[in-house]
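Peer 1: Here you go, one structure.
The values are calculated or read from the model by the stated rules, or taken from the named source; none is laboratory data. Since we're looking at a predicted model, the values are computed, not measured. Every residue, glycine among them, receives a Cβ derived from its backbone with ideal geometry; neighbour counts consider all protein chains shown.
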Amino acid sequence: MKMSKILSLALAVVMVLALSVPAMASEKDEFIGPIYDEWSEKTTDELYQEALEEGGPITIYATSSKMLKVKDDFEEQFPGLTLEIQDLDNDEVIEKCRLEVDGENVYGDVLQAKDVNGQVFYEFYEDHYCDAYYPKDICEHIPETALMYGYPLYTSQSFWYYNTEEYPDEQPITNWWQIIETNEDGTPKWKLFTKEIAEETAYMSLFTSFIVNADQMEQAYEDLYGEPLEYTYPTDGSWEFDFSQYENNAGVEYLWRFTQLADTMTFIGDGDELVLAVHNSENGPTLALASAGKIENREESNYNIGWLTNLAPYTGLQNYECLYVVENCPHPAGARLFIRWVTGDTDGTSPGLKPFQKTGNWVVRDDIEDEDNPVPLKETGAIDSDLEAIYNTFLDAQDMWHQWEYMALNG
């Protein structure tokens, strides 16, 4: 009898544990968007009425000075409501929100943040410091891949720039492997200008994605040269690092070959100076990696510059600028009203979106025409990030980069 009770108890424990596994998985999965709730169905008018009852001001922690330009239009369209906008950098936005939520003294309502390596999603959003609000009628005009890790205001990316006067008919490069080609004497074919890659999270995330998408990098090499890729990166003796998970990884090989040209590269922190170097091209064929918005120098300063697009295996990553509602914020309806409005509202015509519709930014709604960029988003060759994979690989990639670049610069 006693043995029967013990077996029954053990069986019950096993059943509870079995049931708990999918529950835990579903709890993790719930963070992947789009996530629709009772807020998602509310109209602009409904949110406006609730926001009036909440009072104000509605406080926005922004990472772009362009957000300051929306204040007057918002307050004019919604009498009785006021905005307070603080222009901060990405780290300041996150830290400010974290301190307020931890201290249970929340002042901010909306935060703007760019997550290029998964740090915001996995170390901030999943820890309930903020919520992603998904207005359902607007989200119907946005690809679901753009909604997985937050609700996007717009997307941006970086490009390699080339000199259009030297290459007037077509871009000179179509594959990432061509960027690091060398001459017979071992000197680089291209003079490369860039920011310090490992210190720029967006750029380091892009190179990390090559490790994540190693099969694509390997195929791009074979398609270009018609032969298998030879793996040459060192895996022993240089420093304590476990390469077992990166055996014959084409993305790692690319990092190795790229960093070994570091002593011939020029590192410049200012994007305008980077594209100026391409315009001048004083030391032969020149490429520079810079943000998409620097193409404006073509019109403003008559620079002979263009983007390298549709590179194999892909040109770059789409970097989404997202909007979040701060957890337990004082104005939940006002926060969501602002997010709806600043992303174009129901039909995409609200003035809130106008300051962000500029060269180098792409609005991801399919009902808004892009008139500011020389190339539509779908023709740039950029892909959506696998943020989970990049997040899990980023620090290893950065470590490789630092070590190998040091080797190249110091012999």
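Peer 1: Pick from segment 345-357 the residues that are out of contact with any Gly (no Cβ under 7 Å at 6 or more places or on another chain) and outside any helix (DSSP H, G or I): which of them is nearest to Asn297 (Cα to Cα)?
Peer 2: Gln357
Peer 1: Filter segment 92-112 for residues that are touching a Leu at 6+ places or on another chain (Cβ under 8 Å) and in contact (Cβ under 8 Å) with a residue 40 or more places away in the chain and give the result.
Peer 2: Cys97, Val110, Leu111, Gln112
Peer 1: List the number of the failed condition for Glu46; all other conditions in (1) out of contact with any Lys or Arg (no Cβ under 6 Å at 6 or more places or on another chain); (2) outside any helix (DSSP H, G or I); (3) within 21 Å of Tyr134 (Cβ to Cβ); (4) not aliphatic (A, V, I, L, M) hold.
Peer 2: (2)
Peer 1: A follow-up question, please. Say we look at segment 35-56 and pick out the residues that are closer than 19 Å to Ile138 by Cβ and among the acidic types (Asp, Glu); which of these is surrounded by the fewest Cβ atoms within 10 Å (Cβ to Cβ)?
Peer 2: Glu38
Peer 1: While we're on this one: Residue check, Val101 against (1) modelled with pLDDT of 95 or more; (2) exposed (fewer than 15 other Cβ atoms within 10 Å of the Cβ); (3) not in a loop (DSSP other than H, G, I, E, B), all met but one. Which one?
Peer 2: (2)
Condition check ((1) part of a loop (DSSP other than H, G, I, E, B); (2) modelled with pLDDT of 95 or more; (3) surrounded by 23 or more Cβ atoms within 10 Å (Cβ to Cβ)) across all residues:
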{"residue": "Asn328", "(1), (2), (3)": "yes, yes, no"}
{"residue": "Ala335", "(1), (2), (3)": "no, yes, yes"}
{"residue": "Ile339", "(1), (2), (3)": "no, yes, yes"}
{"residue": "Arg365", "(1), (2), (3)": "yes, yes, no"}
{"residue": "Lys378", "(1), (2), (3)": "no, no, no"}
{"residue": "Asn392", "(1), (2), (3)": "no, yes, no"}
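Peer 1: Okay, moving on. Of the residues that make up segment 299-315, is at least one under 15 Å from the mean Cα position of the chain (by Cα), surrounded by 19 or more Cβ atoms within 10 Å (Cβ to Cβ) and within 30 Å of Val101 (Cα to Cα)?
Peer 2: no
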